[in-house]
Number of protein chains: 2
Amino acid sequence: MRVYALTLAYNGKNYCGWQVQKNGVSVQKTVQNAIEKVFGESIDLCGCSRTDSGVHANGYVCHFKTEKFIDPQRLPLALNTELPRDICVKQADLMDEEFHARYSAKGKEYVYLVWNSRIRNPFTEGLAWQYPFEINVEEANLLAKKFVGKKDFCSFMSAGSKITDTVREVFDFKVERDGETVKFTVSADGFLYNMVRIMVGTVLKALNGNLCVDNVIDAKSRSAAGPTAPPEGLYLNRVFY
Amino acid sequence: MRVYALTLAYNGKNYCGWQVQKNGVSVQKTVQNAIEKVFGESIDLCGCSRTDSGVHANGYVCHFKTEKFIDPQRLPLALNTELPRDICVKQADLMDEEFHARYSAKGKEYVYLVWNSRIRNPFTEGLAWQYPFEINVEEANLLAKKFVGKKDFCSFMSAGSKITDTVREVFDFKVERDGETVKFTVSADGFLYNMVRIMVGTVLKALNGNLCVDNVIDAKSRSAAGPTAPPEGLYLNRVFY
């Protein structure tokens, strides 16, 4: 069997997330349909993780197995012809037989985009979270650094997750400004459900002096943390293997 | 009478352009409705120029007259509450009585965005033109400079315009690259119908060695120029008064 890995970018606005759901169109099903059309056979498509409804990706990785051969250099164009314009295959690679998009992943990087202005931006609608209060990027970076390391991130997991081991290692968490766009970039060996969005919500609440990040981490309780930032600002940026 | 000027940003994707048309929703009508709701009276809204279907604006200027007073500092928020999320009032100003968005304009600046990659970008769909061939920005700037000055731009006007004086002064025309995004910025005392889009199409065709810009200008004929670049990359960026 051959194992193909695909690296995708997608605008999650019109999808119910990666995973196939009863209601709504999923990215997984949409990409699987395109692969099946190009390869002329049924395939199973495995993703590197779930993404929520409205969440985007710059570098989502998924894999599938087939006996057939199509040149990986030519595969993106063939698949993109079959895909809607809000999903795009950036790269295709032939992998070792034991490669698995989810289980081989050593970590991931997410980006969270904020449009930091009282005036909304018609061009970032659904692509960034409009946050009207001033963000001091220097202070935000000091707070972000408190997340770095191997810690119990229990406070940063939404209710409803079945996960019991809530220890993760955050490799880096930084905040940058480019005009009115503020970009949060966080990498870790793994993420809990809604972890990045709660981290961003917590940093912003702490900036307004209403919260102490160290206390939130120590509390090991979701109720101690800030609000969950909305999905439209979140991008799965890279997967490390 | 008071004269209010509004500076707008809008994503033109869902509009038939600025001007009221028989078919399709216009930006003009949409903004006029919001103003009438906020001021509680009928008004006439005058724009600085027409924009085509699918064309965007970062700094479109329009004006209207009223006897009523609303603090221009508070007006953007009041209007934005009534506007759809793809149109936004960035600024409101009280002007002299003789101000006219169109007739007082001394010039305009347009931006044209190209996504320069063989792989499409789900996040710039409808916001930039995907152009797969390499653009050498240094060479593009040499070609762009040939447009600067007071010239007859007859070759860069689409058929169907009633304009007879086709002389315009181009103040500046430059090309910049930021990753895979190539940005054309052109300012002039005025623009002919589709002029920016034909200029961009001509520069790109000339880069491939299939056209000589000087000859195109001298020809004074639309058929000598390159193709009209599609509307989705074009932004009315600024109006000079």
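The values are calculated or read from the model by the stated rules, or taken from the named source; none is laboratory data. This one's a predicted model, so the numbers in the text were calculated from it and none came from an experiment. Methodologically, a virtual Cβ is constructed for each residue, glycine included, from the backbone with ideal geometry; neighbour enumeration extends over all protein chains shown.
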- Task: Report yes if some residue within the range A:30-40 is under 21 Å from the mean Cα position of the chain (by Cα) and within 14 Å of A:PRO231 (Cβ to Cβ); otherwise report no.
- Result: no
- Of everything in the range B:34-62 that's of a type in the set (Ser, Thr, Tyr) and closer than 23 Å to B:VAL114 by Cβ, which residue is farthest from the other protein chains (Cβ to nearest Cβ)? B:SER49
- Task: Please indicate, with yes or no, whether at least one residue in the range B:151-161 is modelled with pLDDT of 95 or more and touching a strand residue (DSSP E or B) at 6+ places or on another chain (Cβ under 6 Å).
- Result: yes
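Each row is one residue, and each column tells you yes or no for (1) under 16 Å from the mean Cα position of the chain (by Cα); (2) within 28 Å of A:VAL61 (Cβ to Cβ); (3) without any contact (Cβ under 8 Å) to a residue 40 or more places away in the chain; (4) not assigned by TED's automatic domain parsing to the domain that holds A:GLU134.
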| position | (1), (2), (3), (4) |
| --- | --- |
| A:LYS146 | no, no, no, no |
| A:GLY149 | no, yes, yes, no |
| A:MET157 | yes, yes, no, no |
| A:THR185 | yes, yes, no, no |
| A:ASP189 | yes, yes, no, no |
| A:GLY209 | no, no, yes, no |
| A:ASP218 | no, no, yes, no |
| A:THR228 | yes, yes, no, no |
